[in-house]
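A short worksheet on the structure shown next.
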Amino acid sequence: MTSFLKVFRINGRFSWWLAAIYTAINLLVVVNALLHSPYVGYDIPEHLKNVTAISQGHLAIKGESREYFSPPLPYLIPAVAMLAGADTWWAGKVGQLFNIILSLGTTWYMLRLCDQIFPGQERFKLLSLGLLGLMPVYYKTFAQMRGEPYLAFFVVFIISLSAYVFIDRDDRPRNLFMLGLALGLAVLARQWAFFLFPALICSVLIIMRGDMQHAKAQLHNLVLITGLAFVVGSWFYFFLYSQYGTFTAFNRKPQTSIVKNLALFTGSDNGMLFVDPVRPSLSNQFFPIMYSDFWGDYHAYFLISIKNKGTDEFMSGAQLQKWLKKNNGELPGWMESNRFTFNGYLRRVNIISIPVSLLLVGGFLYAFFAILHFWQMPGVPQNAQLGLVGFATLFSVAGFLWFVMSYPHSGDGDTMKATYVMQAYPLIALQSAALLQKVRNKWLLTLLVAGLVVVAVYNLPTMLTHYIEIPKF
C-alpha cells in the first residue's frame, strides 16, 4: 500500500487533488464496466466467438470468427470465466470488469512516469492525469472487452520501465525480464504494440550515441529484451502465417496503392462536424470522423443507443446506418434510438472541446520538439524520457495512419475509430502537460485550468454509457 500511495505524494505531502482525479477517472470506468452491455462494442460478437474458441482449447480460425487475426490475450480471462460455467454474456462482462484493473494500472503508471520526468512537480501530474480524464474516448474504450485497454496499460508500463533500464541504467535481471515480458504480452494484446519496438530502438540508439562508454551494455540489454519479447509474443503470428500465409492477416484485402487513399485526409466535413457528428453524416472523412469519435460516439456504440422495440435487444451502429439508408434517413417504427436527439448535445460538445483539442494537438506536436532536444542533449535524463515518450507517440500515430490508408472502407469509415489509437492518448496527455509546464504566468495558468474544468463538467455525459444492461439473475 505504501508503494501504491507513493505516486500521490509530492515532496512527502499527500496530494488529495491528485487522488481525487485518479479516483474520479476510475470510478467512471467502474460505472461503465458495470452498466455497459457486454454485447455492445466494435465487432463484439466476433470477439466473443474468439473467447468461446479459446474456452474450447483452440484459437479461432477464419470462418469461425471475423476477428480470427486478433491476438488472444484479451480473451483469456473471459475464456476462463466461460470454463467456470459463465455464458457469453457473463464472459464478456468479466472482460469488461477486468478493464477496471487495467485502468487503475494505466493511470497509476502514468503518475509514476510523471515522477520520472518531472520529479516533485504536482502541477505536471495533475495536468497529465486531468487531460487523460477529459477524453471521452478513454471511457468508451475501457467499457468494451477488447485489446486496447491492455495496450494502454502496457505502453505506459513499458515506457516507465524502459526509462529505468536505459536512462537510469537500472538493468537488474528482474527489470530486463519484466520489460521483455511486457513487450511480448503487448503484441499478444493488439498488433498496434509492434510500433513500440522502433520507438524503443530509436531511443536506445540515441542514448548510446550520448554515452559510448556504456553503449555495448545498452545494446546487450536491448537484444535481450527484444529476444524475450520475441519468445513470448511471436508464436501467435507464426500461427497466423502457418494458417494464412502472412504474419499480418486481416479480414479484408489491403489496397494496392496507399497514395490513392490520401483523399481520406483532404475531404471537408460538408459542414456537418458541428451540426450532426454521428454516422453516416461524415461519410469517409478521416479528421472529422476521428474528432467526433474522440469527443463523442460517431460510430454509435456507447452514447448513441439503438434498440429493437419488439425484442428489447440492443443493435449496433452498423445496423443503424443500414436501416437509415434503407428507410430514407428515418428510423423504422420498430427501432428506438436517441440518434436524432442526443446528436444535438454532441454537436455542442464538439464546439466546446475545440480549445482542448488545440492543446492536445500542441501536445502531440511537442513530440517533435522533445525528440529534437533528446537528439541534441541525450545525456539529460528528462530529455531522454520525453524523447522516448515522443517516439512512442509518433510511431503509434504513424502506424495507425498507415493502417487507415492500407485498409480504407468504401463508405462508413469503420477503420477510423478513435479507440484504435488509445495507447497514444496517455502519452499525448503527458506531452500536453509538459507543454503547459512552460507557462509561467499564474493567472494565465489559472484561466487555462478553469477552462479545462468547464469542458470536463459540460462533457461529463459523454463519459457514461447509454447501452445500460442490468443482468437478470
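Pull up the cross-link candidates among the aspartates and glutamates for Lys442, meaning alpha carbon to alpha carbon under 19 Å and not fewer than 8 places away within one chain.
Candidates past the 8-residue exclusion: Glu122.
If you look at just the Cα atoms of the chain, how large are its Rg and its Dmax in Å?
Answer for the chain, Rg first and Dmax second: 22.1, 74 Å.
Which ³J(HN,Hα) values in Hz, rounded to whole numbers, follow from the phi angles of segment 128-140 under the Karplus curve 6.51 cos²θ - 1.76 cosθ + 1.60, where θ = phi - 60° and Gly and Pro get x?
4, 5, x, 5, 5, x, 6, 8, x, 4, 4, 6, 5
Using only the C-alpha atoms of segment 173-251, find the volume of their convex hull and express it per residue in Å³.
Dividing the Cα hull volume of segment 173-251 by its residues yields 89 Å³.
Could you tell me the calculated FRET efficiency between Asn327 and Val275, based on Cβ-Cβ distance and R0 = 22 angstrom, to the nearest 0.05?
Efficiency at R0 = 22 Å is approximately 0.60.
What value, in deg cm²/dmol to 500, does the helix sum -39500 (n - 2.57) over DSSP H runs of n ≥ 4 give at 222 nm once divided by the residues of the chain?
-19500 deg cm²/dmol
List the lysines whose Cα sits under 26 Å from the Cα of Lys62, skipping any in the same chain fewer than 8 residues away.
Partners within reach: Lys49, Lys93, Lys253, Lys322, Lys417.
Give the lysines whose C-alpha is closer than 17 Å to that of Lys438, dropping any in the same chain fewer than 8 places away, or say none.
Straight-distance partners of Lys438: Lys125.
Once amide H atoms are placed 1.01 Å from N in the peptide plane, what residues at a sequence separation of 5 or more from Ile10, or on another chain, have their amide H within under 5 Å of its amide H?
Amide H neighbours of Ile10: Ser15.
Using Cα pairs under 8 angstrom and six or more residues apart, how large is the relative contact order of segment 335-473, in percent?
28
Per-residue counts of other Cβ atoms within 10 Å, averaged by peptide: what ranking do you get for 131-143, 42-54, 448-460, highest first?
Packing proxy ranking, top to bottom: 131-143, 42-54, 448-460.
Taking the convex hull of the Cα atoms, report for segment 403-473 its projected area averaged over all directions, in nm².
Value for segment 403-473: 9.0 nm².
Please work out, to two decimal places, the log10 of the ratio I(q)/I(0) at q = 0.16 Å⁻¹ from a Debye calculation in which every Cα of segment 4-141 carries one identical scatterer.
Calculated log10 I(q)/I(0) at the listed q: -0.83.
On the first, second and third principal axes, largest extent first, how far apart are the outermost C-alpha atoms of segment 369-428 in Å?
That works out to 48, 19, 11 Å along the principal axes.
Going by average Cβ neighbours within 10 Å, how do the peptides 227-234, 366-373 rank, with the highest at the top?
The most tightly packed comes first, giving 366-373, 227-234.
How big is the Kirkwood radius of segment 101-248, worked out from every pair of different alpha carbons and given in Å to one decimal?
16.6
For Ile306, enumerate residues with amide H under 5 Å from its amide H, sequence gap 5+ or separate chain, H modeled in the peptide plane.
Amide H neighbours of Ile306: Met315.
None of the figures in this text is laboratory data; all of them are computed from the coordinates on show. Just so we're clear, the structure is a prediction, and the values are computed from it rather than from any experiment. Every residue, glycine among them, receives a Cβ derived from its backbone with ideal geometry; neighbour counts consider all protein chains shown.
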